[in-house]
Amino acid sequence: MTAYADRPNCRELDSARAEFAQLLSRKALEREFQSLFARCPFLLSESLPLRLEPTDIIPLGRPGKSEPDFVFYPDFESTPSFYGVIELKRPSSRILTRPRSYAVILTREAQTGV
């Protein structure tokens with residue numbers, strides 16, 4: 001699959017979603033998800049509750065390095081600036097624990113992404 005800079009067409013979106021489903025079904029490694037999202041940033045921009053374009057998402061994550069997987073810098077002239085980081089975790093990773101019925105905390109694994 002090639003990298004996409006702009007919004008994908010229906011065929012490209014279907015192909016990327018199929019690859020994502022395949023990675024989920026075989027419990028792929030985090031770096032495989034990083035690679036997919038770096039090639040197809042529209043999977044993130046269209047699924048996050050933010051007004052982002054695929055070109056706003058910049059891949060950073062390198063296996064074995066302590067850095068976020070992605071950063072985003074939206075380019076909006078009419079709205080206030082905001083930016084952020086995206087840290088990927090495998091679907092099998094526990095990122096929350098409930099020490100009490102009314103409290104939730106991040107696990108050690110999730111704290112590395114904060």
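Under a point spin-label approximation (7 Å from Cα along Cα-to-Cβ), what is the Glu87-Arg62 distance to one decimal in nm?
Here the modelled spin labels are 2.0 nm apart.
Between Arg17 and Ala103, how many nm apart are label points set 7 Å from Cα along the C-beta direction?
Spacing of the two 7 Å Cα→Cβ label points: 4.1 nm.
Counting only residues 5 or more places away or on other chains, whose amide H sits under 5 Å from the amide H of Val71 once H atoms are built in the peptide plane?
Ile58, Leu60, Ile86
None of the figures in this text is laboratory data; all of them are computed from the coordinates on show. The shown structure was predicted, so the numbers you read here are calculated from the model rather than taken from an experiment. Every residue, glycine as well, gets a Cβ built from its backbone with ideal geometry; the counts of neighbours run over all protein chains shown.
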